[in-house]
Amino acid sequence: MNELQQIWERALLDIELSVSQSTYSMWFREVNVLRQDNGTVFLAVPNNFVQEWLFKKFHNTILRSFRQVDSSIRALDYVITKETDSNKSAESKKTAPQPTITMPLHEYYVNKENNLNPRYTFDSFVVGPFNELAHAAARSVVKAPGKSYNPLFVYGPTGVGKTHLMQAVGNHIKKDFPDKKVFYLTSERFVMEYIASVQSNKANQFKEKYRKYDVIIMDDIQFFSSTEKSQEEMFHLFNTFKDTDRQLVFSSDRHINFIPGIQERLRNRFTSGMIVDISEPDHDSRMAILKTKCALNNILLTDEANQFIIDSINPNVRELEGAINAIMCQTQLKNRPLSIIEIKNLLKNSAKPKKNISVKDVVKTIADFYNISEDIIYNKTRKKEVVKPRQVIMYILREDLNISFPSIGEKLGGRDHTTVIHSCEKIKDELKTNPVLIQELSQIRAMI
């Protein structure tokens, strides 16, 4: 293996850690390195679709991964080849070229003026028990930006749709209030720009840039942790926006109170508006999201295929999108719907790992969470403090471990399967109206 190939292998390891398994399998397994010339690395790709997709969606990720290995690499170029494996024999290279794929890539273009992606709208955002409060708050914001829920703070684990919802706010405001200047960015970009402005003695230009907007949408504010000077700048920007009734929208992977290293005065500003969470979607919500996104992309799937995808892919929206993208690409390559066998083979590298979790593990975790004795779960008692944890256990065993109703009843003290069904339905119904329960389930799932 030559030196450039070693660099590429190391870069691939970094890329694999920064994208989902389905995304990596779909877009990077058929890409190879060709050569390096004056700081530019040339990558071999199989067709013009992959070429454009990598450039539009992953160019910065790939370049950053290369530069972490070799800082002399300054640019990338993508070369379409019939074969991307340099080890292929000359005979194999005589095979016919792959067909050109046409997809609506314009829907994935980000507006460079405001960093908004036009495909992120309220119409394409699937609402369920796991996100309906956040959706309602976002809808309220776009009716009167700067007037209600300012700031709006959305938090939740990665891949549950926070960015989609925030960008939907930006796109909707641009549509209804075309004169308003909207800008989306990550807190990491804000911090890096601020540091660069200080180093180049252009701090005033930095201040002026962000004070010209009417709406700022900032993702992943957990990166403000322990960045004292950047937090100070954010504090002053925050005050300017609040004093002039301009809208701020933030997101994070956790509640602001659990982000370490945030100055108390800035923390108070974040909590002065509306804080809502988005948890991981339940089974029914994931199915609704899958069907909606398939419909938007004109993909026809059987009920068996839908169920396989839901059971196989990790329970977040981003993983589902990766699976749909993979199916969409292969569907257009073959110019026909995929069979269930083809879908299983396509997604086998993306299947979520099966945890070796026992019923006893689930019972212990949930009993500890609700601060009750593990043994009392198995008793026939109908005490209120025991009934709810027991119902949550039944729901988790059914939804997450896919254990049958009779088996759940048998393992939890010999209860009838109708009791288990009733308990699961009760939790499902309560999840539609109880944001506290939604948050509790999200925390429990993270502990199991």
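Annotation: amide H of residue 150 within the under-5 Å range of 274, sequence separation 5 or more or interchain, hydrogens built in the peptide plane.
Of interest is the spacing of the C-alpha centroids, which for the stretch 54-78 and the stretch 212-255 amounts to 29 Å. Between the amide H of residue 121 and any residue lying 5 or more places away or on another chain, no distance stays under 5 Å, with hydrogens modeled in the peptide plane.
Backbone geometry of the stretch 120-125 corresponds, through the Karplus equation with coefficients 6.51, -1.76 and 1.60 at θ = phi - 60°, to 3J(HN,Hα) couplings of 8, 10, 5, 5, 9, 9 Hz, x marking Gly and Pro. Report the local net charge at residue 42: Lys and Arg +1, Asp and Glu -1, summed over other residues whose C-beta lies under 12 Å from its C-beta. Summing Lys and Arg as +1 and Asp and Glu as -1 gives -1. Heavy atoms only, probe 1.4 Å: what % of the accessible area of the chain goes to carbon and sulfur, would you let me know? The value for the chain is 48 percent carbon and sulfur by accessible area. Kindly identify the chain as rounded, prolate or oblate by the Cα gyration tensor criterion: order the square roots of the eigenvalues as a ≥ b ≥ c, call it rounded if a/c is under 1.5, otherwise compare a/b with b/c, prolate if a/b is larger, else oblate. Note, shape of the chain comes out oblate. When 269, 10, 445 are compared by accessible area at a 1.4 angstrom probe, the order from most to least is 10, 269, 445. Ranked by the mean number of other Cβ atoms within 10 Å of their residues, highest first, the peptides 406-412, 252-258 fall in the order 406-412, 252-258. Could you tell me how far the Cα centroid of the stretch 269-337 sits from the Cα centroid of the stretch 381-444, in Å? If we compute the Cα centre of each part, the gap is 25 Å. Karplus-derived 3J(HN,Hα) values for the stretch 281-287, using 6.51 cos²θ - 1.76 cosθ + 1.60 with θ = phi - 60°, are x, 7, 4, 5, 5, 4, 5 Hz; glycine and proline are entered as x. Residue 311 contributes an accessible area of around 70 Å² to the protein surface, as traced by a 1.4 Å probe with all chains present. The listed residues 154, 69 rank as 69, 154 when sorted by accessible area, largest first, using a 1.4 Å probe. Accessible area per residue was computed with a 1.4 Å probe on protein heavy atoms; residue 35 scores about 120 Å². Under a 5 Å amide H cut-off, with hydrogens placed 1.01 Å from N, residue 34 pairs with 42, 43, 44 among residues at least 5 apart or on other chains.
If you take the charge dipole of the chain about its Cα centre, with +1 on Lys and Arg Cβ and -1 on Asp and Glu Cβ, which of 68, 441, 43 is farthest toward its positive end? Going by the Cα projections, it comes out as 441.
Within the shell of other residues whose beta carbon sits under 12 angstrom from the beta carbon of residue 61, the net charge comes to +2, with Lys and Arg scored +1 and Asp and Glu -1.
For the stretch 218-300, the solvent-accessible area with a 1.4 angstrom probe is 43 square angstrom per residue. Summing charges over neighbours of residue 167, with a neighbour being any other residue whose Cβ is under 11 Å away from its Cβ, gives +2 when K and R count +1 and D and E count -1. For residue 229, a cut-off of 18 angstrom between C-alpha atoms picks up these aspartates and glutamates, skipping any fewer than 8 places away in its own chain: 188, 193, 208, 220, 264. Across the cross-link table entries 360/383; 207/242; 162/432; 143/291; 360/426, which are compared at the Cα atoms, the separations over 24 Å belong to 143/291.
Rounded to the nearest whole Hz, the Karplus-based 3J(HN,Hα) values (6.51 cos²θ - 1.76 cosθ + 1.60, θ = phi - 60°) of the stretch 395-408 follow the sequence 5, 5, 4, 6, 6, 9, 9, 6, 7, 5, 4, x, 5, 4, with x at glycine and proline.
Heavy atoms of the protein chains alone define the surface here; on that basis the stretch 120-161 has 35 Å² accessible area per residue at 1.4 Å probe size. Per residue, the solvent-accessible area of the stretch 399-440 (1.4 Å probe, heavy atoms of protein chains only, all protein chains present) comes to 54 Å².
The values are calculated or read from the model by the stated rules, or taken from the named source; none is laboratory data. What you are looking at is a predicted structure, and each value in this text was computed from that prediction instead of being measured. We place every Cβ from the backbone using ideal geometry, glycine too, and count neighbours over all the protein chains shown. For the accessible areas, the whole protein counts, side chains as well, though only heavy atoms, and no ligand, DNA or RNA atoms are used. Shrake-Rupley method; radii C 1.70, N 1.55, O 1.52, S 1.80 Å.
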